[in-house]
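> Mind having a look at this structure? Questions to follow.
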Amino acid sequence: MDVIEPSFALGAIVHAGKGSADAVLLDFAQRLSARGLVVRGLVPGPQADLGDCAARTVRDLETGDIYPIGQNLGKQSGACCLDPGALLAAGVVLRRALEGPADLVIVNRFGIQEAAGDGFCAEFLELITRGYPLLTVVSHSYLPAWREFTGGMATELNPDAEALLAWFERIRSRPPTAAAPSASA
């Protein structure tokens, strides 16, 4: 995949789906935190069965709190099993990230809800508008919606720890695009 470097500090790990980028994202967040950088936001939380959408959770990087975001709609349901109310509750983590400095804010996914204009769309937009460095995960199936949502201004990254680190070092070396508070300033 060719990497195009837009001016925004906005990255998306493009993956094949079914949690294939989750471990890389979590490892990356932990590596940055271990370096003393402030990483805020949400990462995928523990889930015993990756095929069970009702068991999905997200984890707050600051507090470690787990937010269940799935709902059991029954085996015959073809509807999205993400619980909009639970997403709203988890969104408080992203809104709290807006209140302080951050070297990076992670939003666990741009997925089916965000592609439809729901989910964490408002939080994404506010973080982008305020110039926070932002990283998320997008599957190939939602990549067209992500590109439309961001106006093509996001860097698309492979799910590779070294590629993420190289991207992060590039965005940190550029002047900020807006008035986002930097934790290391």
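Coordinate-derived values only; no laboratory data. These numbers were taken from a predicted model, which means no experiment stands behind them. Because the Cβ atoms are built from the backbone with ideal geometry, glycine has one as well, and the counts that use them run over all protein chains shown.
> For every other residue with a beta carbon closer than 15 angstrom to the beta carbon of ALA16, add +1 if it is Lys or Arg and -1 if Asp or Glu, then tell me the sum. Numbers along the way, then the final one.
Values: positive: LYS18, ARG109; negative: ASP22, GLU156, ASP160.
After counting each charged neighbour, the total is -1.
> Work out from phi, with θ = phi - 60° and the Karplus expression 6.51 cos²θ - 1.76 cosθ + 1.60, the ³J(HN,Hα) of each residue of segment 160-171, listed in order in whole Hz, and give x for Gly and Pro.
For segment 160-171, the Karplus curve yields 9, 4, 5, 5, 5, 5, 4, 4, 4, 5, 5, 6 Hz.
> Compute from the Cα atoms of segment 101-140 the Rg and the Dmax, the latter being the longest Cα-Cα distance, and quote both in angstrom.
Rg and Dmax of segment 101-140, Cα atoms, are 10.2, 31 Å.
> I need the peptides 156-169, 102-115, 134-147 ranked by packing, meaning the mean over residues of other C-beta atoms within 10 angstrom, with the highest value on top. Let's see the in-between values first.
Working: 156-169: 16.4, 102-115: 23.1, 134-147: 20.0.
Descending packing order for the listed peptides: 102-115, 134-147, 156-169.
> Identify the residues of segment 132-158 with backbone N under 20 Å of a label point that sits 7 angstrom from the Cα of ARG96 along the Cα-to-Cβ direction, or state none.
Only 132-136 pass the distance filter.
> If I model a spin label at SER20 and ALA34 as a point 7 Å from the Cα along the Cα→Cβ vector, what separation in nanometres do I get?
Result for the modelled spin labels: 2.6 nm.
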